[in-house]
Each structure stands twice: as structure tokens, then as C-alpha cells.
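S.K.: Sharing a structure with you now.
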Amino acid sequence: MTESPLHVLCIGMGAIGTYIGGSLAAAGYDVAFTERPETIDVLKNKGLKIQTPAGLLQVKEVTLYSSLAEALQSAKYDVALIAVKSFDTQSVLEEIRPLAAKFPPMLCLQNGVENEDLITSVLGKERVIGASIGTAVGKNGPGDVRVEKMRGIGIESGHALSEKLIAAFTAAGLNAKGYAKRADLKWSKMLSNLLGNATSAILNWTPARIFSDPRIYAIEVAQVRETLAVMKAQGIHLVNLPGTPIALLIELMDRFPAFISRPIAAKGMGKGRGQKMPSFHIDLYLGQKRSEVTFLNGAVVRLGQKFGIATPVNSVLTSTLEKLASGEYKKEDFNDQPEQLIRLIEEQL
């Protein structure tokens, strides 16, 4: 641990919250977590387990609170980490709103590009710091996670707390790196999240299969090009993420013909994800009625509308997966039926 103590409040104990907060706690930092009462009951006498490439980290004593009000009443914090799904952001902010005056700066670990703006509307610009997780983390159960592929975390630099956070995260083995421009970091990470995600959930295909099929690869390229156009309109640039040369892959897909780019991209996706299903697929087949596609591909659509850029492929991917999640569409109507998805996209072009 660094000489200067860091008191951390972690909102959410999913895979990312447990990994980041637990790693900091294991390194000796003072970390408290907020979670649902039923999860707290499970974790009270269990502690945290984090399986990393370097070995098993364990936190035997965990400070847990069932509400933010209780956490703030019990202690003061230097920083709060928000690690919930994007569709839960609004409910967390409603809980924060009456506590905003005494709330610490927030480090946003969430996927997507709109959460920081929402947080800013409650806490103000000076108390929001962007971050993106590159490391792939799986969850075995409450308080029990595993690192599936170690990469690192990008943290927005320039904030008064940035250097202290980067040092603390690095000391905790999280491989942190600073990024001068939040938008570059968050949009580049979102592009990595888009690859083989919505198509995988809709078709019930692995990402490796998605990138091996020329027809569906063309859909992947189209969603990338739409996203790049929206980024360009905002002056946002591609950057590589810690341990992830995403800029090189995206430029390959954008600039080179498919007969060159697809075999290389397929090899990269096969190595990076292989047979592991991505987050949209996992949520859909766990029965989630909401999908983060609304906040990823959907963000491309919303920003495209704002800047007058057509995003038909991202629009179809968003609406199709939303309808599959809500039950308006049946999974079996798209399961292993690429023609259905292709038809919907062609109707929009």
C-alpha cells in the first residue's frame, strides 16, 4: 500500500466491483462495499476470493453496507467506485442525489459512454473520473471471481485524484494506465465491447464463429464504421487500451478489404474470446429482461441522431436484442438463423 491511505467506497459487487474493490482491499487499502441485503447476508461470513494469474487473493473481513446513506454515515471516503450495469445507473444516482453534497468523487468503471454525463448531472464535473476495464473477469458466485485474461485498466488523468488512483491500482496489481482524454478511452473501450457481442446474443453464436462467417463479419464491419463516423463527428480518437491493441484491430477492419482483415480479426477474436460467450449473450440467456445493448450500440444510435449520422446497423442490433430480452421476439426465431438478422438490416439500408 502507498504511504498515503486511500479510503474507497465500491458501489456494486458484481464481477468488476468484486475484482477491483477486492484487489484494493487485499493490497491493504480501506474498502467498503454496498450491495443488496440478500447478497450481504451471503457474504458476511464468507469474505472475498479473487483468482488471479499470480495466485489467489483473499479478503477475510469485508465491510458491507446495504445503502449509500448507511455507508456515508459510517465513514468518509476519498473516492467511490461505481461498478453496476449501465441500466442500474439511474437508480444509483437517485440514491446519491440527496447525499450529493457529502459524496466523494466518483470513478466510473462502467461500460458505455454516457454514464459519466449522468453522474456529472448529480455530482458535478469536478467529481467525475472516467475509467475502463480491459481485464476479463468471470464470476463464480457472490464474492468469488476469477481473472480470465489479465490486461489492465485505463483511468482518466488530469483529475486531482488521478495519479493517486493510478498508483493505488498499480500497487494492487491492476495494471493501471492514465489517459488524457476520457472520451478517447471510453469510446475505444466501447468499440471493443461491440465486437461480436450483439450478433453473438442474437444468433446464439460464439464470437469466433461470428468472425468466421463472411456475412456476419460484414455486419461487424458496418457497426464499427458507423461508430467511427460518430466518433469523428465529436473529435474522438481511437486509442489502444491496457493490454489490448484495439486501435490496430479496428483500423484493420475499417481500412482493409474483408479478404485481408477477416482472417486476422477472426484469429484475434478466437484468441481473445474463443468459445467464451460475451456479456450480452450471458445476460440474455440468464433471462435478463434488459440488455446493455441499449447503452452501447444504442449510444451510437443516439449520438448518431444528434450529429446527423445514419446508424442503421447499430439501430437494428439494438432494437433486435432489446426485443429478444423483453420477450417481444422469440430466441428460437433468430437462433442460428443469420438470414433473419441480415433481412432486418437490409430493410433499413
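S.K.: Give me the percent of accessible area attributable to carbon and sulfur for the stretch 232-349, probe 1.4 angstrom.
M.R.: 55 percent
S.K.: Taking amide H positions as placed in the peptide plane 1.01 Å from N, state which residues far from PHE33 in sequence (5 or more) or on other chains have amide H under 5 Å from it.
M.R.: Amide H to amide H, under 5 Å and 5 or more residues apart or across chains, PHE33 pairs with CYS10, THR63, LEU64, TYR65.
S.K.: Please report, to one decimal in angstroms, the Kirkwood hydrodynamic radius of the stretch 223-323 built from all distinct Cα-Cα pairs.
M.R.: Taking the inverse mean of 1/r over all distinct Cα pairs, the stretch 223-323 comes out at 15.1 Å.
S.K.: Right, next: Return the percentage of antiparallel bridges among DSSP beta bridges fully within the chain, rounded to the nearest 5 %.
M.R.: Within the chain, antiparallel bridges account for around 35 percent of the total.
S.K.: Output wanted: per-residue J couplings in Hz (rounded whole) for the stretch 189-195, from phi through Karplus 6.51 cos²θ - 1.76 cosθ + 1.60, θ = phi - 60°, x for Gly and Pro.
M.R.: So the Karplus estimates, Gly and Pro as x, are 5, 5, 4, 5, 6, 6, 4 Hz.
S.K.: Within straight cross-link reach of LYS44, meaning Cα distance under 21 Å, which lysines are found once same-chain residues fewer than 8 apart are removed?
M.R.: Counting by Cα, and skipping residues close in sequence, LYS44 has these lysines nearby: LYS60, LYS139.
S.K.: Taking a ≥ b ≥ c as the square roots of the eigenvalues of the Cα gyration tensor of the stretch 284-349, is the shape rounded (a/c under 1.5), prolate (a/b larger than b/c) or oblate?
M.R.: In terms of gyration-tensor shape, oblate.
S.K.: Over every pair of different alpha-carbon atoms in the stretch 194-246, take the mean of 1/r and invert it; report that Kirkwood radius in Å.
M.R.: When all Cα pairs of the stretch 194-246 are included, the Kirkwood radius is 12.3 Å.
S.K.: Going Cα to Cα from LYS177, which lysines come in below 18 Å? Please leave out same-chain ones fewer than 8 positions away.
M.R.: LYS177 reaches LYS149, LYS164, LYS186, LYS189.
S.K.: Of the listed values (i) 20.0, 60; (ii) 22.8, 82; (iii) 21.8, 63, grab the one calculated as Rg and Dmax of the Cα atoms in Å from the structure here.
M.R.: (i)
S.K.: Okay, next question. Hey, which of these cross-link pairs are over 26 Å Cα-Cα: LYS181/LYS306; LYS49/LYS102; LYS46/LYS276?
M.R.: LYS49/LYS102; LYS46/LYS276
S.K.: How high is the relative contact order of the stretch 95-169, given as a whole-number percent (alpha carbon pairs under 8 Å, six or more residues apart)?
M.R.: 24 percent
S.K.: Normalising by the residue count of the stretch 205-268, find the relative contact order in percent from Cα pairs under 8 Å and 6+ residues apart.
M.R.: 43 percent
S.K.: Residues with amide H under 5 Å of HIS7's amide H, sequence separation 5 or more or different chain, H placed in the peptide plane at 1.01 Å from N; which?
M.R.: ASP78, VAL79
S.K.: A further question on this structure: For the stretch 36-191, compute Rg over Rh where Rg is the Cα radius of gyration and Rh is the Kirkwood radius from the inverse mean 1/r over Cα pairs.
M.R.: A ratio of 0.95.
S.K.: Between GLU148 and residues 5 or more places away or on another chain, which pairs have amide H atoms under 5 Å apart, with H built 1.01 Å from N, and which residues are they?
M.R.: Long-range HN contacts for GLU148: ALA136, VAL137, GLY138.
S.K.: Quick check: from the Cα gyration tensor, does the stretch 144-227 come out rounded (a/c under 1.5), prolate or oblate?
M.R.: Oblate is the answer for the stretch 144-227, as a/c is 1.5 or above yet b/c matches or exceeds a/b.
S.K.: On C-alpha positions alone, give me the angle between the axis of helix 162-171 and the longest principal axis of the chain, in degrees, nearest 10.
M.R.: Taking the Cα atoms of the chain, the angle to 162-171 is about 90 degrees.
S.K.: I'd like the orientation of helix 338-348 relative to the chain: the angle between its Cα long axis and the longest Cα principal axis, in ° from 0 to 90, rounded to 10.
M.R.: 80 degrees
S.K.: If you don't mind, there's one more thing I want to ask. What does the accessible area per residue of the chain come to in Å², with a 1.4 Å probe and no ligands, DNA or RNA counted?
M.R.: Per-residue value: 43 Å².
S.K.: Now, a different point. First check a/c for the stretch 253-312, with a ≥ b ≥ c the square roots of the eigenvalues of its C-alpha gyration tensor; if it is under 1.5, answer rounded, and if not, answer prolate when a/b is larger than b/c or oblate otherwise.
M.R.: Cα axes put the stretch 253-312 in the oblate bin.
S.K.: Now for a separate question. Just to be sure I follow the definition: excluding the sites themselves, where is the longest run in the chain that has none of the GluC sites (Glu not before Pro) in a DSSP loop with at most 13 other Cβ atoms within 10 Å?
M.R.: It works out to 62-327.
S.K.: Taking all protein chains in place and a 1.4 Å probe, what share, in percent, of the accessible surface of the stretch 1-132 do carbon and sulfur account for?
M.R.: Answer for the stretch 1-132 is 49 percent, counting heavy atoms of protein chains only.
S.K.: Find the relative contact order for the chain and round it to a whole percent, using C-alpha pairs within less than 8 Å whose residues are 6+ positions apart.
M.R.: 15 percent
S.K.: If you don't mind, there's one more thing I want to ask. Sort HIS159, HIS281 by heavy-atom solvent-accessible area, probe 1.4 angstrom, most to least.
M.R.: HIS159, HIS281
S.K.: Need the C-alpha centroid separation for the stretch 91-132 versus the stretch 30-88, integer Å.
M.R.: 18 Å
The values are calculated or read from the model by the stated rules, or taken from the named source; none is laboratory data. It should be emphasised that the depicted structure is a prediction, and the values quoted were computed from it without experimental measurement. For neighbour counting, all protein chains shown are included, and Cβ atoms are generated from backbone atoms with ideal geometry for every residue, glycine included. Side chains are part of the model used for accessible areas, which takes the heavy atoms of the whole protein and leaves out ligands, DNA and RNA. Shrake-Rupley method; radii C 1.70, N 1.55, O 1.52, S 1.80 Å.
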